[in-house]
1. Given region 207-331, what percent of its DSSP beta bridges are antiparallel, to the nearest 5?
2. As a test, work out the antiparallel percent of DSSP beta bridges whose residues both lie in the chain, rounded to the nearest 5.
3. On a full-extension model of 0.36 nm per residue, what is the gain between LEU15 and LEU318, subtracting their alpha-carbon distance, rounded to one decimal in nm?
4. Treating the angle as unsigned and between 0 and 90°, give the value, to the nearest 10°, between the Cα long axis of helix 51-60 and the longest Cα principal axis of the chain.
5. Rounded to the nearest whole Å², what accessible area per residue is found for region 284-336 with the 1.4 Å probe?
6. Kindly provide the Kirkwood hydrodynamic radius of region 202-254 in Å, to one decimal, from all pairs of distinct alpha carbon atoms.
7. Near the amide H of VAL270, under 5 Å away, which other amide H atoms are found, from residues 5 or more places off or on another chain, if H is placed in the peptide plane?
8. Given a Förster distance of 41 angstrom, what is the FRET efficiency for GLU325 paired with ASN305, based on the Cβ-Cβ distance and rounded to 0.05?
Amino acid sequence: MESGRIRIVDIAEELGVSTATVSNVIHGKTKKISDETVKRVQQLLEERQYIPSMAGILLAQNDSKIIGVVINDHEKYEGHTLEDQFISASVNALAKEIQQAGKFLMLKVTDQWDEIPKFASMWNMEGMVLIGYCEQDYKKLREQMHIPFAVYDGYMESSGNLVNIEVNHFDGGVQAGRYLKKKGHRAVLCISDNNICMDMERFMGLKSEIPNAELMVIPMEQEARTIFYMEHLGEIKKYSAVFAVSDYYAMDFIQFLKNAGVSVPEDISVVGFDNVRECEKFEPALTTIKQDYRQRAALAVKMLNRLRNGDSSEKNVLLPVTLIERDSVCEVKMHKE
């Protein structure tokens, strides 16, 4: 036994059988082994807590075909990470693409970056997709993980066995601003829970088209956000349009306005970002910036395969976005004076 780790030879010696017999049981090749011996080997494997190692050996000798998808359990999700519209749409697209590639998805939600290398190692994953972590976390992971991984919207210098796949956040803001300007809007507010990274890029894109656009940083927690909106309602009413950095915040904001007696889009027009499924069903149907979840998922799987084969020529990939016009925006002339 080395460093307290149970080996095949240890199991074999304890049972008085060959290492080949133990290995065959682990690999499910039991046709030529008696049921009694199979049972004895399996029981001892469990008693010696060899199951993770058993899986590791099995996977090490074969192509595991497992791709891990790890989501940051950020406080803004308030314990409902997988219910977030962007996250659920992303995971759904990844599940389809990974299955189509003949591989298996293993999902983990955690806000502890140091759990990720353990997760990857335990199942001998051939690659990972990481969503929602910060630059500092990615740097640490690069040092500890040698498998390829794809990052969604990673803000970092890409080096090592990874690829960063971003959507064009700035252009999304540009398209939203251009559209609102075309509709006659000049007093435009952007709402976000931060003023950095991709949300700031979306705001700066908006501002490139509407220079006097303002950014309002809102609370992440829903109850606090509602109170914040109520306290700032007078200021909010000065704007004819609001660009929310996510569909979730856009629809949440519209619901607040409705409850406060403000009409959308007659009093305030609203544009979101993401184009989650709920946008079409919402009342009014939400005008938004569409990002293609399936395209990004397909690219992630493709790039992981390239990285595994030693092709690391592309480190940063920028995907296009498109404005989808619906009912939550109207001409300024329709606004009440």
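1. If I count the DSSP bridges inside region 207-331, around 30 percent turn out antiparallel.
2. So the antiparallel bridges amount to about 10 percent of the total.
3. Gain on stretching LEU15 to LEU318: 103.4 nm.
4. That works out to roughly 80 degrees.
5. 50
6. Numbers: mean 1/r = 0.0832 Å⁻¹.
It works out to 12.0 Å.
7. VAL242, VAL329
8. Here the calculated transfer efficiency is 0.65.
The values are calculated or read from the model by the stated rules, or taken from the named source; none is laboratory data. Values in this document were obtained by computation on a predicted structure and should not be read as measured data. We place every Cβ from the backbone using ideal geometry, glycine too, and count neighbours over all the protein chains shown. Please note that ligands, DNA and RNA were not included when accessible areas were found on the heavy atoms of the full protein model with its side chains. Shrake-Rupley method; radii C 1.70, N 1.55, O 1.52, S 1.80 Å.
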